[in-house]
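Derivation of every value follows stated rules applied to the coordinates shown; laboratory data play no part. If you're wondering where the values come from, they're calculated on a predicted model, not measured in any experiment. Neighbour counts run over all protein chains shown; Cβ positions are idealised from the backbone, glycine included.
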Amino acid sequence: MSHTQIYAPFDAVITSRTATLGTYLSQGSSVAKMQSIDSAEIKVALSEREWQQLPESLHGVTVTVWSTYNSQQHWNGKVESLALVVDEHNRTRNLTIKVARPLEQEDSLLFGSFVKVQLQGKEQQNTFNIPSSSVTADGYIWLEQDQKLVKHKVSTLFNNDKYVGVARENLPEQLNLVRKPLSNYVEGMQVAAVMMESLYAR
């Protein structure tokens, strides 16, 4: 063993070993698995609605990668590619993101870590950004118009934990929106609006 030297063709860390001291090896035997430390690769499965919101060109698009355990830790990444094939099992496309030299960052990005990613999508015209609590389970919003309740079916374009982006379509330019609609609402009910914030199409 003292005369044995094993070299990796690239800078790497060993992720697992398949041989130990005293193991007999033959030509082609596996001794370990390695992970290149040049970059960390993150694959994000996007639904059709999500990939439709990506910019027209992904060249040079930067991504912020956040730790799911520590909200203060984040790293800069770049979009590497978007799969040209839709997964036949879950109908998603993989967006591949790379973070350069992850172990040399101020806060190391360790391989195998759970992360979330944030990148800017394409600009949307004629949309409302409304609280997610305003949209009912069956996809409606309730509005006050002329002191009466009116409901509208909305087309959701994008969403996050707090907000939903919906297409304006036949909605008025200004929404007097019910933020937390109740299940017993009936169209035409008389209401007295309390104005907290009016929402305008953009």
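Taken one residue at a time, the phi angles of the range 156-162 give Karplus couplings (6.51, -1.76, 1.60, θ = phi - 60°) of 7, 9, 7, 7, 9, 5, 10 Hz. Gly and Pro are set to x.
Residues whose amide H comes within less than 5 Å of that of F158, counting only those at least five positions distant or on another chain, are G165 (H built at 1.01 Å from N in the peptide plane). Here r is the Cβ-Cβ distance between Q53 and Q105 and R0 is 25 Å; the resulting FRET efficiency, rounded to 0.05, is 0.35.
For the chain, the relative contact order works out to 16 percent when only alpha carbon pairs closer than 8 Å and six or more residues apart are counted.
For K162, a cut-off of 22 angstrom between C-alpha atoms picks up these lysines, skipping any fewer than 8 places away in its own chain: K116, K122, K151, K153, K180.
Dipole magnitude for the range 127-200: about 120 debye, using +1 per Lys or Arg Cβ and -1 per Asp or Glu Cβ, origin at the Cα centre. Extents of the range 39-118, taken as max minus min of Cα coordinates on every principal axis and listed largest first, are 37, 26, 20 Å.
Candidate values (i) 1.54; (ii) 0.98; (iii) 1.13 were compared with Cα Rg over 2.2 N^0.38 Å computed on the shown model; the agreeing label is (i). Expressed per residue, the C-alpha convex hull volume of the range 89-202 stands at 182 Å³.
Its relative contact order, with pairs defined as Cα atoms under 8 Å and 6+ residues apart, puts the range 1-63 at 31 percent. Which shape class applies to the range 1-69: rounded if a/c is under 1.5, otherwise prolate when a/b exceeds b/c and oblate if not, where a ≥ b ≥ c are the square roots of the Cα gyration tensor eigenvalues? Verdict is prolate for the range 1-69.
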